[in-house]
Amino acid sequence: MANIVLSGIYKEFTSGRETHLAVDGLNLDVANGEFISLVGPSGCGKSTTLRMIAGLESPDRGRIFVDGRDVTAVPPQSRGLSMVFQNYAIFPHMTVRQNIGYGLKIAGMARADQEKRVREVARLVDIENLLDRYPRQLSGGQRQRVAVARAFARNPDIILLDEPLSNLDAKLRDQTRAELKQLHQRVGHTMIYVTHDQLEALTLSDRIAIMNKGVLQQFAAPSVVFQQPANLFVATFIGSPTMNIIPATLLHGEAHTAVHIEGWSASLPRGGSEWLGPTDVSAALVGIRPKDITVHDGHVEGRLPAVVTLMEPTGSDAILHLDADGRALVAQVADRFDFEPGDKVSLDLSLDHLHLFDVDSGLALYHGRAKYGARPARAHAGPTMAQGAA
Amino acid sequence: MATTRFLSKGLNYLALAAVCLFFMFPMYWMLKGSLETAPELLSAHLLPGSISSEAFRELIGQASFRQYFFNSATVAIASTIVSTTCAVLAGYGLARFKFPGKAAMSRGVLFCYMFPSLALSIPLFNIFYSIRLGNTLFGLMLTHVTLSLPFGIWLMWQYFQTIPSAFRENAALLGAGRFRTFLEVELPLARSGLIAVAIFAFALSWEEYEFAFVLITSEASKTLPIGMTQFVTRDYVVWNMIMAAGITMAVPAFLLISFLQKYLVAGFTSGGLKG
Amino acid sequence: MALHSARESYPGQNTPGLRDQAGGRGKALRSIIGTAIVAPWLLPALLIIGLVQIGPMLYAIWLSLYEKDAFSFTWDWVGLGNYETLLQSAEFWSAAGFGVWFAVLSVVVQLAVGVPVALLLHQNLRGRGLARGIVLLPYMVPTAAMALVFALMMSDIYGVFDHILVSLGLIDEPIPFLGSHAWALPATLVASTWKWTPFVVIVILARLQTIEVSLYECAKVEGANAFQRFRDVTLPSLRSTLLLIVMLRCIWMFNKFEVPYLLTKGGPGSETTNLPIYAYKVTFLQNQQGLGAALCVVMFAMLFIFASIYTSIVKPEKEIEVE
């Protein structure tokens, strides 16, 4: 186990005359035993960052420290870390046993000890019965386990995982995700996990580093990035369905700020801890998650009027696509499926879950006061149902 | 409609039969000749008069034939080993490293490869004599290596490129150095390419004529294609033996290359394979 | 997106990184290091190619500037004299002319046979697999063995061709195919067609198999008949393949030694003597090593021109790109 510090990492790739900036001034520190995810759209620099930690790429500028030791110039084989690759990179000409034990063999471990350790890690991921098979005889899920077992075999300080679940089908992915989390809780290695799937990042990690275009957007616990997104990018990247973003004008009074959207307005108390940025801008973007919008039948004064354009039932919820005076909005409604396209509805935006973002910089200005862990989705399911019944 | 369809199908099969006949007939003639006695063969009937192993027995009884066969096998096996080793190393070097002049070098190899063997063997004759490689199987072996080497390099180059870099990177992370990664991870993954290169190297050396014809003048170092064609000028009566020698030459090459049909295509289209 | 493509398109990119971790070093230094690392891998191959191919080529250029016979150790400087002799020699021009004529004719015949055969073998006919194997046969037969069996079949005394023609009453006297003025070239062409048409068939067949079936189906739906489908779908896809075949076959056929030599010894007279046979005769039968070397240089030069065109089409350094 070890902690990792990335300091001022800068990396670009040159192909022909084109230069592509991959990672720009990244600072990150990962505590001992922590499980962190690097997440972002493809091309955001997350994989490059992982490969630089592994030593497979070298940063153009900046330094990488493991347990306080500068490893920037240390070759990958001497960094004391393991990696699980996206396509697993299991050697097809070796049995499962040879694959798992390869690192031990290189390290010069005695044969008997190798066998013992291989059995140990194989038991950990439940593939003890497959040790004599060749990779071609394994299913995708089994291969993934072999790759994980091999990464654990040398008992490295740090384990890097590069989208290890992306080659599995949906059901297996959910199951393996849970097992991976259990595994981490049991063995407690420092783990860095790269994924483009925000759900994986949210469910697995102690902290999530969200990257975009090579720049770190936010590095915080899952609940924080979900409920206090640092900027517009994080707000729209994390969470599904995506957060609604609506342009609004702000009118600042003595004690309150009025947020005005065409057809709807609300007043927020000024000066509280909810305000993060300058409080004197006259325009902002309102961010509201679909599940924080309450949908009422018919037109009700004071609420945002809208028309249903599409309903997508998901089983327990319905995703409503709405048109509010030309703006497309999405709302998530629990346990109600009786909407039809064309239905006139009116919307309530939960002020406790409202976010404001700066129009130019995209930085968060205001986060609603609702604090975390109170299962916000359920908290609002009640009134919605009540409305539906009424 | 149905009739024309039937007719065109029939014509197709007729053409197919003609094509097969054309490409098979010389092989048939060789086989037939090798199984006949000399007088029977001279009468040139389409079907063999009788079948006898006389020609083969007589051929094997000749010390010079055994010598040629042994020389051919020695040269072919040695050049296979050398050519495959060089091709694997160079193919790996080209696939895994960036260095200045790489593109120029890959073209250069192809240029060299197109050199007509005969135009090379004429100056080589002098060079080999001055460095005491004249009339040696070792010298001949070296020339045979160059027949398959460019194609071998090209094929291994392609092969190593198709191995995902994750294997190499993973081996590095597990602690393996570069040469160990090459030997224990990447080479086994490129095994089928390696086998293809080896078989081509063998087949090309086995049938090589021009270098051997110019460079080897001593009876003790002659290879099968050279020794065999000399039967013709020596004595026309032994045609059945010559055909038998042709069969003994054709069979190994035949068996080996038929394993490799799919690589033939790659070799031909890349221009890396002489024909 | 862009990042991934940047990384994936450079499979070798991170390789120096395995050793050269410090980053930010000079480009020149990096390329020197790259060369130093790669040298041991390429050295064995380069040594052999140098000894057997580059060396003789340079030696031939040097030797071609002297007059030297095989038995003396004297080298008499003649400058470009050997080349002058060649350009004024009727034999040289006739050998070069025959070489070009033979190359062009045999490539035309190989294409004329090979393309229809490939199209035929591409049809969905029963026994197609076997037929493909049979067509491949000649490639697997060693050239010397093949030359011998053709020599036997084309003999005027015990050759099967004459035997058939005579017994059918088509000719009265057996024709010495390989020894007659009229028949030596056609006979050699038949033999070389047999041996090298498989090359054409295999390459075209491989190309045909990569043409999307849906293209044909689409053309069919649009109402194209068989000929139109061939003209509009098959032929355009074959164009680059045909070019490749013509280039390669011309080079190889121009430089063939063993088949014409084994069949006709360049005769009758010097009628089927091409440049390689001529060079062999000059060097070893007439003992004019300087002149023979000059001939080799001429062959190298012609090859160089041809190969430059060829490599600019094929681009052998193009790499497969896999992550």
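Since every read-out is calculated from the coordinates, none of them should be taken as a lab result. Please read all numbers here as calculations on a predicted model, not as lab measurements. Quick reminder, even Gly has a Cβ in these numbers, built from the backbone with ideal geometry, and neighbours come from all protein chains shown.
Worth pointing out:
- Residue among C:63, C:165, C:189 with the largest mean-square fluctuation in a Gaussian network model of chain C, springs linking Cα atoms under 10 Å: C:165
- A Cβ-based charge dipole, computed about the Cα centre of chain B with Lys and Arg at +1 and Asp and Glu at -1, lands at about 980 debye.
- Distance between the 7 Å Cα→Cβ label points at residue A:260 and residue B:63: 11.7 nm.
- Two-decimal Rg to Rh for segment B:61-270 - Kirkwood Rh, Cα set: 1.05
- Amide H within-cut-off set for residue C:66, under 5 Å, with H built and near neighbours excluded: C:78
- Neighbouring Cβ atoms from other chains, within 10 Å of the Cβ of residues in C:150-163, number 4 on average.
- Among B:254, B:56, B:69, residue whose mean-square fluctuation peaks in a GNM of chain B (springs only between Cα atoms under 10 Å): B:254
- Averaged over peptide B:201-211, the number of partner chain Cβ atoms lying within 10 Å of each residue's Cβ comes to 3.
- Judged by the gyration tensor of its Cα atoms, with axes a ≥ b ≥ c, segment C:80-177 is oblate; a/c meets the 1.5 cut and b/c is at least as large as a/b.
- Spin-label model, residue A:310 to residue A:337: label points 7 Å out along the Cα-to-beta-carbon direction sit 1.8 nm apart.
- The amide H of residue A:189, built 1.01 Å from its N in the peptide plane, has no neighbour under 5 Å, considering only residues 5 or more places off or on other chains.
- The residue list C:127, A:296, C:53 was ranked by how far each Cα lies along the charge dipole of the protein assembly as shown toward its positive end, using unit charges on Cβ atoms, and C:53 comes out on top.
- Partner chain coverage, peptide B:78-90 - average Cβ within 10 angstrom: 3
- Segment residue C:225-residue C:87, extension gain: residue separation times 0.36 nm, minus the distance between their alpha carbons: 44.3 nm
- Applying the Karplus relation 6.51 cos²θ - 1.76 cosθ + 1.60 with θ = phi - 60° to segment B:174-179 yields 3J(HN,Hα) values of 7, x, 7, x, 4, 5 Hz, where x marks Gly and Pro.
- Across segment A:138-152, coupling constants 3J(HN,Hα) worked out from phi with the 6.51/-1.76/1.60 Karplus curve, θ = phi - 60°, read 10, 7, x, x, 5, 4, 4, 5, 4, 4, 5, 4, 5, 5, 7 Hz, and Gly and Pro carry x.
- Listed residue (A:228, C:307, B:230) projecting farthest to the positive dipole end of the protein assembly as shown, Cβ model: B:230
- Gaussian network model of chain A, Cα within-10 Å springs - most flexible of A:205, A:265, A:82: A:265
- The shape of the protein assembly as shown comes out prolate: with a ≥ b ≥ c from the C-alpha gyration tensor, a/c is at least 1.5 and a/b beats b/c.
- Taking only the C-alpha atoms of chain A, Rg followed by Dmax gives 24.7, 79 Å.
- Distance between modelled label sites at residue A:220 and residue A:369, nm, 7 Å Cα→Cβ extension: 1.8 nm
- 3J(HN,Hα) along segment B:242-250: 5, 5, 5, 5, x, 5, 5, 6, 6 Hz, from the Karplus curve 6.51 cos²θ - 1.76 cosθ + 1.60 with θ = phi - 60°, whole Hz, x for Gly and Pro.
- Sum of -39500 (n - 2.57) over DSSP H runs of 4+, divided by residues of chain C (222 nm, nearest 500): -21500 deg cm²/dmol
- Two-decimal log10 I(q)/I(0) for segment B:6-77, as the Debye equation yields it once each C-alpha is a single scatterer, q = 0.12 Å⁻¹: -0.56
- Relative counts (whole %) of C-alpha pair distances in segment A:1-157, using bins that are 5 Å wide: 2, 9, 16, 18, 16, 14, 12, 8, 4, 1, 0
- Each listed q (0.11, 0.15, 0.20 Å⁻¹) maps to a log10 I(q)/I(0) for segment A:171-259, found by the Debye formula over equal Cα scatterers with no solvent: -0.43, -0.68, -1.01.
- Placing R0 at 45 angstrom, the Cβ-Cβ distance between residue A:344 and residue A:172 gives a FRET efficiency of 0.55 after rounding to 0.05.
- Cut-off under 5 Å, modelled amide H: who pairs with residue A:217 long-range: A:210, A:211, A:212
- Gyration tensor (alpha-carbon) shape descriptor, segment C:64-321, a/c threshold 1.5: oblate
- Cα centroid separation, segment A:157-171 to segment B:169-195: 23 Å.
- The simple Förster model, with R0 at 56 Å and r as the Cβ-Cβ distance, assigns residue C:73 and residue C:211 a FRET efficiency of 0.35.
- Reciprocal mean inverse distance between Cα atoms of segment A:226-315 - Kirkwood radius, Å: 15.0 Å
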